[in-house]
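Just so you know, all these numbers are worked out from the coordinates, no wet-lab data involved. Every value quoted in this text rests on a predicted model; they were computed, and no experiment measured them. Don't worry about glycine lacking a Cβ; one is built from the backbone with ideal geometry, like all the others, and counts go over all protein chains shown.
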Amino acid sequence: MSFKTYIKNIEDKTGKSSEEFQKLAEEKVFTNNGVLVAKATEITNWLKKDFELGHGHAMAMYAYIKGKRE
């Protein structure tokens, strides 16, 4: 599955856009002015718990939050 497909599936499942996840990560202080300041485990655990994402999808959204776009 491609990265873009993972992101699209996450958006479909949660009803939240990738940009909304980026903003939520900033609110939770996982990022500071768009720069990652938290560990991957903290972010993926949050995504799994609060949004019921599987590990692969949580890692894809972590990569997006970290700055990956392709």
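Values for this structure:
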| item | result |
| --- | --- |
| Search result, residues across the stretch 31-58 that are surrounded by 16 or more Cβ atoms within 10 Å (Cβ to Cβ) and not β-branched (Val, Ile, Thr) | ALA38, TRP46, LEU47, PHE51, LEU53, HIS57, ALA58 |
| Selected residue [of a type in the set (D, E, K, R), surrounded by 12 or more Cβ atoms within 10 Å (Cβ to Cβ) and touching a residue at least 24 places away in the same chain (Cβ under 8 Å)] from LYS23, LYS28, LYS66 | LYS66 |
| Scan of the stretch 1-20 for residues that are without any contact (Cβ under 8 Å) to a residue 24 or more places away in the chain and surrounded by 16 or more Cβ atoms within 10 Å (Cβ to Cβ), ordered by number | GLU11 |
| In the stretch 18-70, the residues that are farther than 22 Å from LYS4 by Cβ and among the aliphatic types (A, V, I, L, M) | VAL29, VAL35, VAL37, ALA38 |
| Entirely in the stretch 1-64, the helices (runs of 4 or more DSSP H) that have 2 or more residues that are among the small types (Gly, Ala, Ser) | 18-27 |
